[in-house]
1. Please identify which residues in the range B:115-133 have an amide N closer than 12 Å to a label point set 7 Å out from the Cα of residue B:149, following the Cα→Cβ vector.
2. Full extension from residue A:127 to residue A:286: what is 0.36 nm times the residue separation minus their Cα-Cα distance, to one decimal in nm?
3. Using alpha carbon coordinates only, what is the Rg to Rh ratio of the range B:186-294, with Rh defined as the Kirkwood radius?
4. Kindly write out, for the range A:467-483 in residue order, the coupling ³J(HN,Hα) from the Karplus curve 6.51 cos²θ - 1.76 cosθ + 1.60 (θ = phi - 60°), rounded to whole Hz, with x marking Gly and Pro.
5. Using the Cβ atoms and a cut-off under 13 Å, what net charge is assigned to the surroundings of residue A:172, where Lys and Arg are +1 and Asp and Glu are -1?
6. Can you give the helix-only mean residue ellipticity at 222 nm for chain B, where every DSSP H stretch with n ≥ 4 adds -39500 (n - 2.57) and the sum goes over all residues, rounded to the nearest 500 deg cm²/dmol?
7. Taking each label point as 7 Å beyond Cα in the direction of the beta carbon, state the distances from residue A:134 to the same residue in the other copies, shortest first, in nm.
8. So for B:415, B:207, B:187, fewest C-beta neighbours within 10 Å to most, what's the order?
Number of protein chains: 2
Amino acid sequence: MDGLMMHRPLLQSGLLDFAAESFPEARIVSRRVEGDLHRQSWAQTRARAVQLSFALEGWGVAPGDRVATLAWNGHRHLEIYHAVPSIGAVCHTINPRLSADQMVFIAHHAGDRLLFTDLSFVPLLEKLQDRLPPMRYVVMTDAAHMPQTTLDALCYEDLLAGQPTDRVWPDLPETTASGLCYTSGTTGDPKGVLYSHRSNMLHALATAAVLGPDLGPQPRILPVVPLFHVNAWGLPFTAPLIGASLIMPGPALDGASLWDLCQAEGVESAWGVPTIWQGLFAEIQSRGAKPANLRHIVVGGSAMPRSLTEGFERLGIDVNHAWGMTETSPLGSQGSLTPAQRDLPFDRRMALKQAQGRRVFGVEMKIVDDAGTRQPHDGQAMGELFVRGNTVAAGYHDNAGATARAIDADGWFGTGDIASISADGILTLRDRAKDLIKSGGEWISSIDVENLAVAHPDVAQCAVIALPHPKWDERPLLVIKPKGAARPGLEEMRSHLGAHLASWQLPDDVVYVDEMPLTATGKISKLTLREQFRDHVLPDLRGQAAD
Amino acid sequence: MDGLMMHRPLLQSGLLDFAAESFPEARIVSRRVEGDLHRQSWAQTRARAVQLSFALEGWGVAPGDRVATLAWNGHRHLEIYHAVPSIGAVCHTINPRLSADQMVFIAHHAGDRLLFTDLSFVPLLEKLQDRLPPMRYVVMTDAAHMPQTTLDALCYEDLLAGQPTDRVWPDLPETTASGLCYTSGTTGDPKGVLYSHRSNMLHALATAAVLGPDLGPQPRILPVVPLFHVNAWGLPFTAPLIGASLIMPGPALDGASLWDLCQAEGVESAWGVPTIWQGLFAEIQSRGAKPANLRHIVVGGSAMPRSLTEGFERLGIDVNHAWGMTETSPLGSQGSLTPAQRDLPFDRRMALKQAQGRRVFGVEMKIVDDAGTRQPHDGQAMGELFVRGNTVAAGYHDNAGATARAIDADGWFGTGDIASISADGILTLRDRAKDLIKSGGEWISSIDVENLAVAHPDVAQCAVIALPHPKWDERPLLVIKPKGAARPGLEEMRSHLGAHLASWQLPDDVVYVDEMPLTATGKISKLTLREQFRDHVLPDLRGQAAD
Ligand SMILES: Nc1ncnc2c1ncn2[C@@H]1O[C@H](COP(=O)(O)OP(=O)(O)OP(=O)(O)O)[C@@H](O)[C@H]1O
Ligand SMILES: Nc1ncnc2c1ncn2[C@@H]1O[C@H](COP(=O)(O)OP(=O)(O)OP(=O)(O)O)[C@@H](O)[C@H]1O
Ligand SMILES: [Mg+2]
Ligand SMILES: [Mg+2]
């Protein structure tokens, strides 16, 4: 028996209509590449997105066409985010931190026919244009700032000028593709995830449901997470739903710039990866104060070091440690504490915040062993994490091989992350499948060792990688970026770690780097480190090597 | 181009699974008909709903079957709410405050084949059983409290005993019917609204998105709104999504009982119709204190008198004035203030709270004149309110006539409410189409007059109804339930109202009642008042009558 309720497609265009009408006070504040600080309301954002949509249609952009962006966080990028899908086209965000080869690969793979670019990337595109598919470019600026360029390029503000500012958006099936994003390429070639209106809308609703109570009414949010990767964790869609203000930092992501922007704009909640918070925290320490209104941080993308969480929490900033991936829209779990957990002593709270939190409504989770057998949710058993839900990719765009490897027989998506889940649903990531270290038949979790090592006072950042070993198969090498001049030695680190780890889990050697190599989304690149230390010889093998 | 995301049906069964795993601390606290105060977790609620689902299937309840309830707010009612739809059957809640004739009509119209009843209603059902469709009854109690009865009745706890406590819920299309509820019968015969899993899930998500920030993390909520009407404003579905505790008052809805329950259980947010808050407010005044943790009230179903809103607000209780109807699941608009509005002076805030707030995400609104022409959203123009959205009824169950009258050519639902909408989306109900008073070609809004009249110190409750008039067509009669012994007279009331209304809008006469007649959902029944004062002669017509 069917219900007798209306059926309206869940469309992203409904979000702008809602915010424009309901939240006259919220502002999109953008630190622009041109240098100024620009403000507009949701109603203005909608009017400009409408203008852009007419310009796109006038230009022949049709439903299903891929429209690419190469841009920082700013209002124009947000307008493209809403205009493109609202007329049935697909917004393909390109991560400018990918290598040139990867960008060229992605643009061809996606079949982009139009590219919106920030001023910053015009020189890069000029160099790449012969390798990119034939397309037209729009420079996201006004006539006064339009550069001399060899690109076949239009000016964004010229496109909008004179177009009507209101429209009734077209009806589309809710399963229509709305966005395309490639994974970070941390473990290999980037793979494309094709979001739909339905998946993005349900992601926005679920995000609001789980984070709304901590964010409070119409929060002022700083998305440091880029619009160019996984929809800035969905904020372009969650913000108009909850009437948030978005404070867009543009390209200035260093600690000092972020501190100033947060302070000036009264940012309450800031979202980004751990490396960003490292920069902001150093700035807070050097200035001796946090930005006045900052009270909430959402962090994910890689594991948040406990010491950093503790630093923010001591300042009264609630750190919400979330997990997700391109393939999960991305929010899969989040670490908002329950009322009883909020009353726990500091140490126990911080231990909880090391974990990646509880699943977001709509995302189902299972952990399985190599044979695909479900493991118990007892906080102990480890296994590969599989997920299922409306916000999870059913496969990769035009990549049958990767799709077949990712989806299991029951239709669940294999994340490649190794995790345990407690009886009350708390997810703890132990490692990535490719980063786990197998020593004498036992697994060593690189995340566990890293979390402990980074708490050492002389360690700024660290990573644990596996080196091959004739007897144990693999043994851990600890790579350290020191905080200052002091370089904590192997014995020092082993005794520091020994309080919490078994002796066979301790690293066999320590090496030092001046800078950690980062991936396109600001994660430590273990691929690069493995390459870099491929020929490193562990102490217990040095004699043999000399023999 | 289609997105490449998983498609999982939006099913209510997912809510219990989620809450059972994610919110170990939340409790369903029930003041039971048997007299005790019962507590259980969401995990226990799920386990018991699973047991019930097996019992129902074992008994032959099949997908599409209607299963009725006649019960107060309590954990067993909540278990039925989740068990019945989770196996594809339809939970039909019957409002015990309807007249016997209406109940009989509804049970036949719905085609109920099984009825769950609280102990309270066994005597009523014994009397009615010969007029009801042939069905079996389940008394919602344990063996020890099972009454002697002429009904063909089973005992609820016996049904559950021994059944398995875990299951994987069946997959169903998300458009499957999940619930059936008839309108209050305020304006005529009750009409059935058939909710779907999709509509209830999207309602829960939207409710969480708009109310979550004010409710805070895992709030303790008192649903005074009954599970037997419009899903207690969706709380059975929103609560497991946000990890709320539900404090279920059972049949004890007087001010003193509610005060005690709120105080004992630390209720933070309480939801109900204005008549309930009148009772609680009187109790707060007589005790000289509010229940300690109460800080939030959601009120709707009929207009909240400003004086009552002000009373609560002065105690630091945030009054959220919502609008909705059976046909809108029910939340259509809600009055959560924006940050800037929160900073306004008391008087301006209270004026805002007289309005019914902004539309909930997913509900579209238009106001139209008699010819169906859209009226501007300028806060001035009035028209019949039409709505559209996934949570809005597409028609009435098995009632083609009422469906045709309700749905316009473009597929919008006509609410029968007369409203204006401001430029920033704030809805103000001016009247019901059937309650408007047409005097000399101009409309008088009965709601406006009532809101002002109830602010008079001697007035406890009031209602304005139309009496026929040979010259003006209709003129308003003010019906007053006085607070104490004083009976404010016509001149007194006209001068009180005259400060805000034009003289032609003032009532022509005042009459007094000891008790206001209430409808099945606790609204003042104007149908009954019109009946009661049908023969009342207005002062300016008395001479003529005597002539
Ligand atoms: N809170 C977290 N703690 C630890 N790891 C995390 C966390 N959040 C995300 N991750 C890691 O990031 C991954 C998702 O990142 P993303 O989708 O950006 O691409 P990637 O996996 O880094 O790149 P690729 O899939 O191309 O190798 C997760 O699978 C997980 O390994
Ligand atoms: N906040 C409010 N202020 C004023 N009126 C309200 C408010 N909320 C709801 N209402 C009234 O209640 C109506 C919905 O009530 P409900 O669905 O319970 O049945 P009913 O309309 O009273 O009964 P019936 O439709 O059978 O006549 C709305 O159409 C509106 O007239
Ligand atoms: Mg990945
Ligand atoms: Mg009605």
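1. B:115-129
2. Numbers: separation 159, 0.36 × 159 = 57.24 nm, distance 3.99 nm.
Result: 53.3 nm gained on full extension.
3. Across the range B:186-294, the Cα-based Rg/Rh ratio is 1.01.
4. Going residue by residue, I get 10, x, 9, x, 8, 9, 6, 9, 9, x, 10, 9, 9, 10, 9, x, 6 Hz, with x marking Gly and Pro.
5. That sum, taken over residues with Cβ under 13 Å, equals -1.
6. Working: 19 runs with 179 residues, N = 547.
Value at 222 nm, helices only, nearest 500: -9500 deg cm²/dmol.
7. 7.7
8. Starting with the residue having the fewest Cβ neighbours, the order is B:187, B:415, B:207.
None of the figures in this text is laboratory data; all of them are computed from the coordinates on show. Everything numeric in this text was worked out from a predicted model, so none of it was measured. All Cβ positions, glycine included, derive from the backbone under ideal geometry; neighbour counts span all protein chains shown.
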